[in-house]
């Protein structure tokens, strides 16, 4: 019985690792530990259902709210904490406790339509969600423990992220009692956020203003851009999932299963836009009404805006637009660009939280409020530099000038001229620059090949810089497009090119929808997505233009464009580096980070368990020179089928090993265990002396083609190979591309998309991919699939030369080939392993299996009458055969199927011998005699010998050994499992 104690210990260790990692991750998930100076302060919590305005159908609505406050009587200033979309008050409980321990009365609530609160989701409607928050401010004004500036006017700030951030701005703009606002990763204009337009008319004054937000209008044509379909769908899926998961507050009427808890009007308008790809006037009006933009004139409370440069939902342009308006009207405002957002966490999360506390302490935490016009407690504009090298926290810099006047621009030439671009029919395939909401998982992946699809993209580069250049703001470029359609939708992104590799430092794109007259050029200025870049010497910047982007809805009709870019304008900001500290994130980013964290923690625990399992299989230094050793492997699937049963074999350097067996023999299962793709129930695999499990470091020295290569169909053959190699993290020069391309023998087709390849071409490219880096062990599963006879013949010497390892000091490489083409294995392989019913039935060299000194193959003419020694008496063939079998020294005589005489003549290369209509049979004689004596005995028995050899074909060996294995197993013969005994049996046959 298996001892499960080690498994339990490994499980406990994995759980302990998960717990430790969870504790370490907690601050980043918005659950900061209270400050040391406040940790001992007693706090109390009170919860209540707060009545607010009814829905428009008269359904009563109450909000699920909580107050967390210091246990002493106060008075204390108050903070409203507004959650993100899809969240609830529970998301902010830890932050509320932290504020209470710091001396604030913290109020959390679930917005209508979320959590246990009633009502529908109206997307921060001033009449509903914003007014609801005003009710909470009024309730604070009645509480004696809350500090008040005047009767009915509590000292209160509003803090929110994303959905809650817009509410914070709108409440501050509509309720004069609000004393300070902190809004993170949120919108200025929701219509512009969901239908962004980054194009302006040439020379537009708006395009030249500020630190770089785009204007939303052209002098002609549409005021909106393409639909941000992926994010809109996420909003709706989140709402439906919340409703189905049991939001207990009710929806104010019968819930539509399609719309979840959304207000029916909002739902209908969004669904229309999803179907058409364009917004109706009613939807645009509604979205702008539910935005801070039209109300900012009323916002006089000091406002801190924290926005993410890695945010494909609400980019820095949204915060810029808010900040410009506030600065122009004299509202105290500070802007902070961090490197996270809805697509991933901020590396400066600790410091982001610290500056929020500073803002609150300065504007509402003091006994006396600061005088109007007093200096800000923070720099007017702070930004994070890109992470570099092994940095985990970005460097922060503060602008020397006030935010609105921070950036200056330089014009940098672009090379590339005019280039063609195709809008594909149906808008597919779409370029992929990122996976919205999962930027943390894809940030380090090479995505340029996924973004720069052939025919659907074009690129323009600057010259390499000679000194480090820092770019801060929103670069601009002039775009001229000539289209076959009446409108051209394009997506622009700024890449950094270093060492030939393009990287999207800020994973956001700038969409434009340019109205055109077919055949007539149209010119616009485009404001690219804002951010910060540090370009090292020798690197260049690249503007990539694509006709599709997976985040956006693209036109379905095909079109052809000609595009030209010029006048790249790069912004610069004079700044001073800052020190960094603390951590926190808004609720929606928390959701993304939490999901990422769960995946990472799960992988951590799994890796720990598997690592400990690998440690239990000790390295074998004595096998360091042996490429592959398989010992006693067993694999049984859940249905009870034992696919592999005590399999043992090895492959040495310089060998081409054929793994043979009928369907279901266990060949592929064995190879998958060899590669660490599945775990054996028992047994061991050692590669070069190192044990194998999933992710084992020694697998870097193995190349494999098992069950298909999995190419990306829209990439060319060469780009697929480069993408595969880039994923290894090794330098391109180590890939030996020229050598493996010679193996593929695709010629100019290597530049074509793989979707245009035949099966044979894909198979040859797959073999080349397995050979990338010239691994010491090459494993190929059915490599000849799809190859025609000349290609199969060409592959033989390639594999043999590869195993010989010309120029390798270690004595060659090793190739393992699983195949059912026995003739090819015989011609290609030096050794074979034969499997049947999950077991190894024989192993050995091909030469040993098909050739033996005790076997003579006679080709004899079968015709009557036979004559003995030329005598007149006829001797029947059967009698002559019986005489030979009874001759002294003859062990056995087998008579296989006859072959045509003409075939014998062809093999002998002579016209002599029997005529074409006479039969020739091949007799396999096993004896203890020399071959010449066997021939003499056959002639003496009356057989006419026309050919002699000592070699059998591998196919005969294979069929014999499989038949023998079946018979031995059925009869319970001892030694049936011994490969050496099996080889002796084969030789005897």
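The values are calculated or read from the model by the stated rules, or taken from the named source; none is laboratory data. Nothing here was measured: the structure is a model prediction, and the numbers come from that model. Note: ideal-geometry Cβ built from the backbone for every residue, glycine included; neighbour counts use all protein chains shown.
When you scan the stretch 140-156, do you find a residue that is over 30 Å from residue 551 (Cα atoms), part of a helix (DSSP H, G or I) and at pLDDT 95 or above, even just one? Please lay out each step first, then the result.
So in the stretch 140-156, the residues over 30 Å from residue 551 (Cα atoms) come out as 140-156.
After this cut, where a residue has to be part of a helix (DSSP H, G or I) as well, the list is 140-141.
Those left that are additionally at pLDDT 95 or above: 140-141.
Yes, the stretch 140-156 contains a residue that is over 30 Å from residue 551 (Cα atoms), part of a helix (DSSP H, G or I) and at pLDDT 95 or above.
Residues of the stretch 497-532 being crowded, with 23+ Cβ neighbours inside 10 Å and part of a strand (DSSP E or B), which ones?
Listed by number, the residues that qualify are 510, 511, 512, 513, 514, 524, 525, 526, 527, 531, 532.
Is it the case, given these coordinates, that residue 464 is surrounded by fewer than 18 Cβ atoms within 10 Å (Cβ to Cβ) and in contact with a strand residue (DSSP E or B) (Cβ under 6 Å, 6 or more places away or on another chain)?
Yes, satisfied.
I'd like to know if the stretch 871-891 contains one or more residues that are at pLDDT 70 or above, loosely packed, with under 14 Cβ neighbours inside 10 Å and part of a strand (DSSP E or B).
Yes.
Does residue 410 satisfy being touching a strand residue (DSSP E or B) at 6+ places or on another chain (Cβ under 8 Å), under 21 Å from residue 494 (Cβ atoms) and assigned to a strand (DSSP E or B)? Working first, answer last.
Numbers: touching a strand residue (DSSP E or B) at 6+ places or on another chain (Cβ under 8 Å): yes; under 21 Å from residue 494 (Cβ atoms): yes; assigned to a strand (DSSP E or B): yes.
Yes: the conditions hold for residue 410.
Report yes if some residue within the stretch 837-847 is at pLDDT 85 or above and surrounded by fewer than 16 Cβ atoms within 10 Å (Cβ to Cβ); otherwise report no.
yes
Of the residues 434, 449, 387, only one is modelled with pLDDT under 90, part of a helix (DSSP H, G or I) and either touching a helix residue (DSSP H, G or I) at 6+ places or on another chain (Cβ under 8 Å) or more than 30 Å from residue 753 (Cα to Cα) (or both); which? Spell out how you get there, then give the answer.
Details: 434 fails: part of a helix (DSSP H, G or I); 387 fails: part of a helix (DSSP H, G or I).
Every option except 449 fails the conditions.
How many residues, within the stretch 614-630, are buried (at least 16 other Cβ atoms within 10 Å of the Cβ) and either in contact with a helix residue (DSSP H, G or I) (Cβ under 7 Å, 6 or more places away or on another chain) or at pLDDT 85 or above (or both)?
Result for the stretch 614-630: 7.
Are any residues in the stretch 719-750 part of a helix (DSSP H, G or I) and within 20 Å of the chain's Cα centre (by Cα), and if so, which ones? Reasoning before the result, please.
Of the stretch 719-750, the ones part of a helix (DSSP H, G or I) are 719-726, 732-735, 737-744, 747-750.
Hits for the stretch 719-750 are 719, 720, 721, 722, 723, 724, 725, 726.
Which one of these is within 20 Å of residue 188 (Cβ to Cβ) and modelled with pLDDT under 90: 315, 373, 340? Let's see the steps before the verdict.
Numbers: 315 fails: modelled with pLDDT under 90; 373 fails: within 20 Å of residue 188 (Cβ to Cβ).
Of 315, 373, 340, the one residue that is within 20 Å of residue 188 (Cβ to Cβ) and modelled with pLDDT under 90 is 340.
Give the residues of the stretch 452-485 that are assigned to a loop (DSSP other than H, G, I, E, B) and closer than 18 Å to residue 198 by Cα, sorted by residue number. Write out each step before concluding.
Filtering the stretch 452-485 down to residues assigned to a loop (DSSP other than H, G, I, E, B) leaves 452-456, 462-468, 474-475, 484-485.
Within the stretch 452-485, 474, 475 qualify.
Residue 313 is checked against (1) out of contact with any strand residue (DSSP E or B) (no Cβ under 9 Å at 6 or more places or on another chain); (2) not in a helix (DSSP H, G or I) and fails just one. What number does that condition carry?
If we test residue 313 against (1) out of contact with any strand residue (DSSP E or B) (no Cβ under 9 Å at 6 or more places or on another chain); (2) not in a helix (DSSP H, G or I), just (1) comes out false.
How many residues are surrounded by fewer than 20 Cβ atoms within 10 Å (Cβ to Cβ) and under 32 Å from the mean Cα position of the chain (by Cα) if we restrict to the stretch 563-581?
Within the stretch 563-581, residues that are surrounded by fewer than 20 Cβ atoms within 10 Å (Cβ to Cβ) and under 32 Å from the mean Cα position of the chain (by Cα) number 2.
Quick one: residue 91 ticks every box in (1) crowded, with 24+ Cβ neighbours inside 10 Å; (2) under 20 Å from residue 363 (Cα atoms) except a single one, so which number is it?
(2)
Kindly indicate whether any position in the stretch 699-712 is more than 31 Å from the chain's Cα centre (by Cα), in a strand (DSSP E or B) and touching a residue at least 12 places away in the same chain (Cβ under 8 Å).
no
For the list (1) touching a helix residue (DSSP H, G or I) at 6+ places or on another chain (Cβ under 7 Å); (2) within 22 Å of residue 485 (Cα to Cα), I need the number of the one condition that residue 547 fails.
Every condition holds for residue 547 apart from (1).
State all residues of the stretch 753-772 that are outside any helix (DSSP H, G or I) and at pLDDT 90 or above; if no residue qualifies, say none.
Of all residues in the stretch 753-772, those outside any helix (DSSP H, G or I) come to 753, 757-758, 772.
Once the filter is applied, which keeps residues that are outside any helix (DSSP H, G or I) and at pLDDT 90 or above, the stretch 753-772 yields only 772.
Matching residues to (1) out of contact with any helix residue (DSSP H, G or I) (no Cβ under 9 Å at 6 or more places or on another chain); (2) within 20 Å of residue 301 (Cβ to Cβ); (3) part of a strand (DSSP E or B):
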| residue | (1), (2), (3) |
| --- | --- |
| 112 | no, no, no |
| 115 | no, no, no |
| 118 | yes, no, no |
| 127 | yes, no, no |
| 137 | no, yes, no |
| 165 | yes, yes, no |
| 170 | no, yes, no |
| 182 | no, yes, yes |
| 191 | no, no, no |
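Quick one: which residue in 662, 691 is in contact with a strand residue (DSSP E or B) (Cβ under 7 Å, 6 or more places away or on another chain), surrounded by fewer than 20 Cβ atoms within 10 Å (Cβ to Cβ), in the same structural domain as residue 796 (by TED's automatic domain parsing) and over 26 Å from residue 805 (Cβ atoms)? Before you say what the answer is, go through the steps one by one.
Details: 691 fails: over 26 Å from residue 805 (Cβ atoms).
Step by step, each of 662, 691 is checked, and only 662 is in contact with a strand residue (DSSP E or B) (Cβ under 7 Å, 6 or more places away or on another chain), surrounded by fewer than 20 Cβ atoms within 10 Å (Cβ to Cβ), in the same structural domain as residue 796 (by TED's automatic domain parsing) and over 26 Å from residue 805 (Cβ atoms).
Which condition does residue 62 not pass, out of (1) assigned to a strand (DSSP E or B); (2) closer than 30 Å to residue 257 by Cα; (3) in contact with a helix residue (DSSP H, G or I) (Cβ under 7 Å, 6 or more places away or on another chain), if it passes all the others?
(3) is the only condition that residue 62 fails.
Considering only residues that are part of a loop (DSSP other than H, G, I, E, B) and within 30 Å of residue 385 (Cβ to Cβ), which ones fall in the stretch 552-574?
Kept after step one, since they are part of a loop (DSSP other than H, G, I, E, B), are these residues of the stretch 552-574: 552-558, 574.
Matches in the stretch 552-574: 552, 574.
Take the conditions under 29 Å from residue 535 (Cα atoms), out of contact with any helix residue (DSSP H, G or I) (no Cβ under 6 Å at 6 or more places or on another chain) and part of a loop (DSSP other than H, G, I, E, B) and apply them to residue 374. Does it pass?
Values: under 29 Å from residue 535 (Cα atoms): no; out of contact with any helix residue (DSSP H, G or I) (no Cβ under 6 Å at 6 or more places or on another chain): yes; part of a loop (DSSP other than H, G, I, E, B): yes.
It is false that residue 374 is under 29 Å from residue 535 (Cα atoms), out of contact with any helix residue (DSSP H, G or I) (no Cβ under 6 Å at 6 or more places or on another chain) and part of a loop (DSSP other than H, G, I, E, B).
Just need a number here: residues in the stretch 718-762 that are out of contact with any helix residue (DSSP H, G or I) (no Cβ under 9 Å at 6 or more places or on another chain) and either buried (at least 18 other Cβ atoms within 10 Å of the Cβ) or within 26 Å of residue 797 (Cα to Cα) (or both).
6
From the list 295, 336, which one is under 23 Å from residue 131 (Cβ atoms) and touching a helix residue (DSSP H, G or I) at 6+ places or on another chain (Cβ under 8 Å)? Before you say what the answer is, go through the steps one by one.
Details: 336 fails: under 23 Å from residue 131 (Cβ atoms).
None of the other options fit; the residue is 295.
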